[in-house]
Amino acid sequence: MMVHIPNVLTPEQVARCRDVMMKAEWVDGNVTAGHQSRKVKYNLQLPEESEVAQELGAMVHKALYRAPLFMSAVLPQQVFPPLFNRYDAGMTFGAHVDNAIRSHPQQPIRIRTDVSATLFISAPEDYDGGELVVEDTYGSHEVKLPAGDLIVYPATSLHNVTPITRGSRIASFFWTQSLIRDVTKRALLFDLDMSIIRLTRDHPDHPSLVTLTACYHNLLRQWSET
Ligand code: NI
């Protein structure tokens, strides 16, 4: 289940990210790579512990909790502090699966990565190439979104970033441990939630709304891990 979540960051927040990052120091992206992905990863990152990464990461983190679609699709238990990467011309990230467990170097944070996320900070017209390609059982999906938009997808998916042929691609990336570990159950709850929202809009007094809402919460109670 891939979900596109538009406008997670405002244009002002995107501008702030770009501004700060222009002056920031970038390091080899392999600092957070696992054993296998190190062989295919060619990009740059803001050092995790840098002040810049922490300021911008906190801004992204806060924005996520104000995005109802993110809350509904991901059902976060804990979001790993967002990181930032940059691909210049020639850089790429070959096919890999993200590490299952992610620990923070400074904070007492250790999560199971259920959902992977990429938040686009560069505008699509600022670079060529750099598509995020995610494989699932229905084939491969290419993603390149407007600045400020987010894509979330199951962390179990094989994915890659195609080589950049012009410009630079800046993004934030992070993982979430979900209250619902199983992707099928998570997708089912998401569909149910979206249907309840549409029904509430179109038929606000429909008597089935109470039952459907009860079903949603009772399934969440059955399945959630806290
Ligand atoms: Ni990845």
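Exposed loop sites here mean chymotrypsin sites (Phe, Trp or Tyr not before Pro) with a DSSP loop assignment and at most 15 other beta-carbon atoms within 10 Å; the chain contains its longest site-free run at 139-226. Here the accessible area is traced with a 1.4 Å probe on the protein chains. For the chain, carbon and sulfur cover 55 percent of it. Once backbone amide H atoms are built at 1.01 Å from N, D114 has T176, Q177, S178 as its partners under 5 Å, excluding neighbours fewer than 5 places away on the same chain. Per-residue 3J(HN,Hα) values for segment 198-212, derived from phi via the Karplus relation 6.51 cos²θ - 1.76 cosθ + 1.60 with θ = phi - 60°, read 5, 5, 4, 6, 8, 9, x, 9, 5, x, 5, 4, 5, 5, 4 Hz in sequence order (x marks Gly and Pro). Considering only G129, S178, P146, the residue lying farthest towards the positive end of the dipole of the chain is S178, judged by Cα position with unit charges set on Cβ.
Which of rounded, prolate or oblate describes segment 3-178 when judged by the alpha-carbon gyration tensor and an a/c cut-off of 1.5? Rounded, since a/c falls under 1.5. Averaged per residue, segment 3-178 has 44 square angstrom of accessible surface, using a 1.4 angstrom probe with ligands and nucleic acids left out. In a reduced charge model with +1 at each Lys and Arg Cβ and -1 at each Asp and Glu Cβ, the chain shows a dipole moment near 400 debye about its Cα centre. Taking label positions 7 Å along the Cα-Cβ direction at both L188 and A89, the computed distance is 5.1 nm, reported to one decimal. Would you please classify the overall shape of segment 183-223 from the alpha carbon gyration tensor, given that a ≥ b ≥ c denote the square roots of the eigenvalues, rounded means a/c under 1.5, and beyond that prolate means a/b larger than b/c while oblate covers the rest? Taking the square roots of the gyration eigenvalues as a ≥ b ≥ c, segment 183-223 is oblate. Loop-located GluC sites (Glu not before Pro) across segment 1-76 with a Cβ neighbour count of 12 or fewer within 10 Å are E25, E49, with loop assigned by DSSP. A 1.4 Å probe run over the protein chains yields, for segment 183-223, 69 Å² of accessible area per residue, whole-number rounding.
When the Cα positions of I197, S208, Q222 are compared along the charge dipole of segment 183-223, Q222 comes out farthest toward the positive end, with charges on each C-beta of Lys, Arg, Asp and Glu.
The values are calculated or read from the model by the stated rules, or taken from the named source; none is laboratory data. This structure is a prediction, so every number in the text was calculated from the model and none was measured. Virtual Cβ from ideal backbone geometry, glycine too; neighbours counted across all protein chains shown. Remember, those area values only see protein heavy atoms, side chains included, never the ligands or the DNA or RNA. Shrake-Rupley method; radii C 1.70, N 1.55, O 1.52, S 1.80 Å.
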